[in-house]
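Down below is the structure, laid out as structure tokens.
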Amino acid sequence: MYVAVKGGEKAIENAHAWLAEERRGATDIAELSIAQIREQLSLAVNRVMAEGSLYDPDLAALAIKQARGDLIEAVFLIRAYRTTLPRFGYSNPIATGEMACDRRISATFKDAPGGQVLGPTFDCTHRLLDFKLAAEGEVLAAPTAHPRTGATPHITEFLKGEDIIQDEPASDATPGDLTREPMEFPSTRPLRLQSLTRGDEGFVLGMAYSTQRGYARNHAFVGELRIGKVVVEMDIPELGFAIDIGEIEVTECETVNQFKGSKTEPPQFTRGYGLVFGQSERKSIAMALVDRALRWEELGEDNLGAPAQDEEFVLSHADNVQATGFLEHIKLPHYVDFQSELELVRKLRREAEERNASQEAEPSERGPL
Amino acid sequence: MTEQPQYSGGFQNAPIQAARAFRAAMTVMARPGEIRELNGSRPPDPLSIAAGTLLLTLCDPETKVHLAGAVNTDAAREWLTFHTGAPLAQAADADFAVGRWAELGSLGTYRIGTAEYPDRSATLIVECDELQQAGAELSGPGIKGTAQLFLPDVPALQANAALYPLGCDFFFTSGDRVAALPRSTRISMET
Amino acid sequence: MNEYNFAYLDEQTKRMIRRAILKGLAVPGYQVPFASREMPMPYGWGTGGVQVSAATLTPKDTLKVIDQGADDTTNAVSIRKFFENTAGVETTEETEKATVIQTRHRIPEAKLREDQIIVYQVPIPEPLRFLEPRETETRKMHSLEEYGLMHVKLYEDISQHGAISTAYAYPVYVSDRYVMDPSPIPKFDNPKLEMDAIQLFGAGREQRIYAIPPHTKVVSLDFEDYPFEATKAEHCCDLCGAEDSYLDEVIMDDAGNRMFVCSDTDYCRSRREAGHMGRLAGENAA
């Protein structure tokens, strides 16, 4: 006997209840606090802030907790929350030259004003599981020194003096915003950068890696990578001047790329740019490589048909919230469409069989096969 | 504090009133020749209630508005700016234009969209003395058979329809009533 | 959810969507770009339809939400709940009583009326997308009304299979100008696209809105010698006996026995209430 499936609402409620239970895990284990996630899983928090396009470590930590550690799900929670926030105004561009650097390295010069500052990096750690952490060992305080005073100049500024690196003219033009206007191709560099900085880290990494392996190779050196806090300022029309509204941590990467020159440009170094919320080193380097690859047209280079040069391809597929939604939607019921295909395939088979049968019925000179 | 005219006459309950107003606007745009009530705002004279309500429903800082002729008063400009934040513009740049037919000027001035983006065209809100379901004969999308609507200038509107899929779209307003004429409508003079 | 605005979206977002809907109605079948917002439900699950519905609903509306023709599929339940919570509108499962119907993959069997609006959830709004993946190219094709590629594809189907092998999301030609994707409805539903109600289409992830006003000419693409055919399973509904409705095929037991039932659950229910009975109606009495 057939009984139509009913009670969808109850099933959904029950699924949500079970999900909440699974999220909590065994109740004899202490529950994670938002502060613990924020402080101890800070790179996850940074990634969620970057791809969620919202700088709020506590909310990102909450999203990670709610999402059971699924970072794309956490990014989605942050994005959905972000869209409901009213916009009071727009900040001034941050001045990364004024950054208080926790880390600052250059691969192009052995030393430069401001020095090479390793900072808190995994770079030279040996990737050996530290079983002391499993035993909740206490961490010894790291040695400290007096911080440098004064600004740390950008490495590319030194090349500019020699006129040997492509100039990036300053502009006061208002950049577009892909969260407020529909994407249109060809796009603009500000929109490309916005798309990349909130793009999926894995996707941007893969695209960047493909350029290194020869798909539109652009010979990148990390001119500079810096991580630290910058002040955010906003103009208040009623006051007539800008005030500090807070401080954010960002990672900035500028690549210096070999360039032979083109029909329109003299031989000189060119640049790729990456800027990402939080300590997000891998993402910002990858972003700079992909940014540089996407600039082929502006620099008069050849389109080699490489995926990373294809703006429409890169920008249309970089967003993991879009991608995951569409990917996962195929688990929704599609039985109406499937039914129509089923009928079609049955019909085509029936017709093919009929054709074969009528051919077999005809006398054949060749005899049976 | 005494009530200043530019601060009054907006929606009392924007989400609800705008929703109702949009449904009227959508219905007439989907059914050329139909006339609907459209109210909720009290704009300064000489803007009609219907035209004012359309402006509050559809305009904001993202849309450029052209006030043509008699409706281009200090009071109307201040009212529009206060309630919508819409920047004022010349006819050639406008997303929306409001005024009487004669004052809106040549249709050739307005944006008609591009072949790739025909949606990037102006919507004209034409203030009329009255709306009548008589006069020109309309046919095309949204119309079962034919419909009748009095139009201010049949040849000009026929020329606009001939640009299809480019062209301007029109609302006709009078008091608290509204009708519409999208570019997709074919127009002939009733015999 | 009381802290959210009526129908969830903020007013500026609704205005932006409303402007796109009006332009969509003025150019039937043309896909209007709009700045789709990130909704609290995943892309691909109806975010476009939800945004269009949110911009269209008034408190007086009665909303019906269906997925695969059914009111009780989980996604339909979830979207209906969303609008009950955020817009406080009445909801119904009866097509007759609804003023706004949001749908995924079906058009109800009952003829829709002048005073109704149907909102389709659209995954890929571009009918040419599977022939040409680039937006820059397909936009050009629409602007030039250059649809040769689509005809070539359909013709290749015929030469290869003896029939057009598109069974759902079957492309249509709207008002003699734009080729349009009617969303993944089965081609059985295509003839209903010429209707009395207003039809709105929302694609959230792809940021497109389009529309068909009432009584608009909508033609399913075909060839003179291979005319369009609206097909369905060659059965009657086993519950209500309907011969004219689109059917779901249900596997009933381990032996693979099948039954066929109306995909439009409200249509089936109303027929059964009116006393119509199908082959297995008695068995379903429990």
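The mean count of C-beta atoms from other chains within 10 Å of the C-beta of residues in C:9-15, rounded to a whole number, is 6.
Tell me whether the range A:265-369 comes out rounded, prolate or oblate; compute the Cα gyration tensor, take square roots of the eigenvalues as a ≥ b ≥ c, and use a/c under 1.5 as the rounded threshold. Verdict is oblate for the range A:265-369. Shielding by partners for peptide C:62-73, expressed as the average number of C-beta atoms from other protein chains within 10 Å of each residue's C-beta, is 3. In this structure, the amide hydrogen of B:Gln132, modeled 1.01 Å from its nitrogen in the peptide plane, lies closer than 5 angstrom to those of B:Phe150, counting only residues at least 5 positions away or on a different chain.
In straight-distance terms, cross-link reach from C:Lys140 covers every one of the aspartates and glutamates whose alpha-carbon lies under 19 Å from its own, apart from those fewer than eight places away in the same chain; here that gives A:Glu184, A:Asp310, A:Glu311, A:Glu312, B:Glu116, B:Asp119, C:Glu126, C:Glu132, C:Asp176, C:Asp181, C:Glu206. Here the accessible area of the protein assembly as shown is 54 percent carbon and sulfur, with a 1.4 angstrom probe and all protein chains present. For a quick check, take a GNM of chain A with Cα springs below 10 Å and name the residue from A:Asp302, A:Asp167, A:Asp130 with the largest mean-square fluctuation. With Cα springs under 10 Å in chain A, the top fluctuation among A:Asp302, A:Asp167, A:Asp130 is at A:Asp130.
Shape class for chain C, computed from the alpha carbon gyration tensor (a ≥ b ≥ c): oblate, with a/c not under 1.5 and a/b at or below b/c.
When A:Glu298, C:Glu273, B:Glu137 are compared by accessible area of protein heavy atoms, the largest-first order is C:Glu273, A:Glu298, B:Glu137, using a 1.4 Å probe. Charge dipole of the protein assembly as shown (Cα centre as origin; +1 on each Lys and Arg Cβ, -1 on each Asp and Glu Cβ, all else neutral): 340 debye, rounded to the nearest 20.
Of all beta bridges that DSSP places with both ends in the range C:1-151, some 15 percent have antiparallel geometry. Put a dot 7 Å past the Cα of B:Glu116, heading toward its Cβ, do the same for C:Asn5, and the two dots end up 3.1 nm apart.
Peptides A:71-79, A:87-95, B:60-68, A:45-53 ordered by packing proxy, namely the average of other Cβ atoms within 10 Å per residue, highest first: A:45-53, A:71-79, B:60-68, A:87-95. Using 20 Å as the cut-off for backbone N distance, which residues of the range A:288-328 belong to the label zone defined by a point 7 Å from the Cα of C:Glu137 along Cα→Cβ? From the range A:288-328, the list is A:297, A:303-318. Once a ≥ b ≥ c are taken as the square roots of the eigenvalues of the Cα gyration tensor of the range C:221-272, is the result rounded (a/c under 1.5), prolate (a/b larger than b/c) or oblate (a/b not larger than b/c)? Because a/c hits 1.5 or more and a/b fails to exceed b/c, the range C:221-272 counts as oblate. Based on protein heavy atoms only, the range A:155-313 ends up with 48 Å² per residue of surface accessible to a 1.4 Å probe. Averaged over the residues of peptide A:77-86, the number of Cβ atoms from other protein chains lying within 10 Å of each residue's Cβ is 4. Out of all DSSP beta bridges with both ends in the protein assembly as shown, state the antiparallel percent to the nearest 5. Within the protein assembly as shown, antiparallel bridges account for around 70 percent of the total. Taking the alpha-carbon distance from C:Lys60 and a cut-off under 30 Å, which lysines remain once sequence neighbours fewer than 8 residues away in the same chain are dropped? Within the straight-line cut-off, C:Lys60 pairs with A:Lys6, A:Lys10, B:Lys144, C:Lys14, C:Lys23, C:Lys81, C:Lys97, C:Lys111, C:Lys192. Ignoring aspartates and glutamates fewer than eight residues from A:Lys347 along the same chain, the ones with Cα atoms less than 13 angstrom from its Cα are C:Glu229, C:Glu234.
Between C:Glu126, C:Glu249, C:Glu94, the Gaussian network model of chain C with springs among Cα atoms under 10 angstrom shows the greatest mean-square fluctuation at C:Glu249. For the charge dipole of chain B, defined by +1 on Lys and Arg C-beta atoms and -1 on Asp and Glu C-beta atoms about the Cα centroid, which residue among B:Val126, B:Ala102, B:Gly167 has the Cα displaced farthest towards the positive pole? Sorting the options by dipole projection puts first B:Gly167. Excluding ligands, DNA and RNA and using a 1.4 Å probe, chains A and C jointly bury around 4700 Å² of accessible surface, summed across both partners. Hey, in the GNM for chain C with a 10 angstrom Cα cutoff, which one of C:Gly49, C:Gly88, C:Gly24 fluctuates hardest? Checking each option, the largest mean-square fluctuation is seen for C:Gly88. Largest first, the residues C:Tyr226, C:Tyr43 sort by 1.4 Å accessible area into C:Tyr226, C:Tyr43.
The values are calculated or read from the model by the stated rules, or taken from the named source; none is laboratory data. This structure is a prediction, so every number in the text was calculated from the model and none was measured. Reconstructed Cβ throughout: ideal geometry from the backbone, glycine too, with neighbour counts over all protein chains shown. What goes into the accessible areas is simple: the full protein's heavy atoms, side chains included, and nothing from ligands, DNA or RNA. Shrake-Rupley method; radii C 1.70, N 1.55, O 1.52, S 1.80 Å.
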